[in-house]
Amino acid sequence: MCNAGCAPQKVTDRAVHILRLTIQFQLPACHSLKDKRRRLGGLREKFGSKPNIAVTESAWHDIHDRANWTFVIVGENLRIIESLQEQIQTYASQSVDALVTHSSREYLH
């Protein structure tokens, strides 16, 4: 709140960018949902704690050997968004006990 005599604050319009990244996985020899969660849980732990990334398993919840994860990255700086997207894809392809079968990205705003 501003008391009498204070200057009004200037509001600037800044573009906010929203990137949706979807990654599909195949989990060979995965025979239980518990094993599936164990093998992919690092994705949520590593990226779900970041304030500008939302992470969810977005499809195939009851299928043991397939997974579809969606990451939504929000920010004002495109370079930071692109860097985060690359970090996610690198981690998914190199550090997760699953095969990346497809990935797609789309700017929503």
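The values are calculated or read from the model by the stated rules, or taken from the named source; none is laboratory data. The shown structure was predicted, so the numbers you read here are calculated from the model rather than taken from an experiment. Cβ atoms come from the backbone with ideal geometry, glycine included; neighbour counts cover every protein chain shown.
So residue 104 clears everything in (1) on the phi < 0 side of the Ramachandran plot; (2) surrounded by 12 or more Cβ atoms within 10 Å (Cβ to Cβ) except one condition, right? Which one?
Of the numbered conditions (1) on the phi < 0 side of the Ramachandran plot; (2) surrounded by 12 or more Cβ atoms within 10 Å (Cβ to Cβ), the odd one out for residue 104 is (2).
Of all residues in segment 70-83, how many are surrounded by 14 or more Cβ atoms within 10 Å (Cβ to Cβ) and either of a type in the set (Gly, Ala, Ser) or touching a Leu at 6+ places or on another chain (Cβ under 6 Å) (or both)?
First, the residues of segment 70-83 that are surrounded by 14 or more Cβ atoms within 10 Å (Cβ to Cβ): 70-75, 81-82.
If we keep only those that are either of a type in the set (Gly, Ala, Ser) or touching a Leu at 6+ places or on another chain (Cβ under 6 Å) (or both) as well, we get 71, 73, 75, 81.
Going through segment 70-83 one residue at a time, the tally reaches 4.
Go through segment 83-109 and count every residue that is out of contact with any His (no Cβ under 9 Å at 6 or more places or on another chain), outside any strand (DSSP E or B) and in contact (Cβ under 8 Å) with a residue 60 or more places away in the chain.
Residues of segment 83-109 that are out of contact with any His (no Cβ under 9 Å at 6 or more places or on another chain), as a first pass: 83-106.
Narrowing the set further to residues that are outside any strand (DSSP E or B) leaves 83-98.
When the remaining residues are screened for being in contact (Cβ under 8 Å) with a residue 60 or more places away in the chain, the result is 85, 88-89, 92, 96-98.
Count: 7.
Each row is one residue, and each column tells you yes or no for (1) touching a Pro at 6+ places or on another chain (Cβ under 8 Å); (2) within 13 Å of residue 18 (Cβ to Cβ).
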{"position": "65", "(1), (2)": "yes, no"}
{"position": "68", "(1), (2)": "no, no"}
{"position": "71", "(1), (2)": "no, yes"}
{"position": "74", "(1), (2)": "no, yes"}
{"position": "87", "(1), (2)": "no, no"}
{"position": "94", "(1), (2)": "no, no"}
{"position": "102", "(1), (2)": "no, no"}
{"position": "105", "(1), (2)": "no, yes"}
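Take segment 25-44 and flag every residue that is touching a strand residue (DSSP E or B) at 6+ places or on another chain (Cβ under 8 Å) and either farther than 11 Å from residue 57 by Cβ or at pLDDT below 95 (or both).
Kept after step one, since they are touching a strand residue (DSSP E or B) at 6+ places or on another chain (Cβ under 8 Å), are these residues of segment 25-44: 25-28, 36, 40, 43-44.
Those that are touching a strand residue (DSSP E or B) at 6+ places or on another chain (Cβ under 8 Å) and either farther than 11 Å from residue 57 by Cβ or at pLDDT below 95 (or both): 26, 27, 28, 36, 40, 43, 44.
Under 6 Å between Cβ atoms, which residue pairs at least 6 apart in sequence (or on different chains) link something in segment 42-58 that is part of a helix (DSSP H, G or I) and loosely packed, with under 13 Cβ neighbours inside 10 Å with a partner that is charged (D, E, K, R) and modelled with pLDDT of 90 or more?
none
Every residue in segment 59-82 that is under 17 Å from residue 40 (Cα atoms) and in a loop (DSSP other than H, G, I, E, B), please.
The answer is 60, 61, 62, 63, 64, 65.
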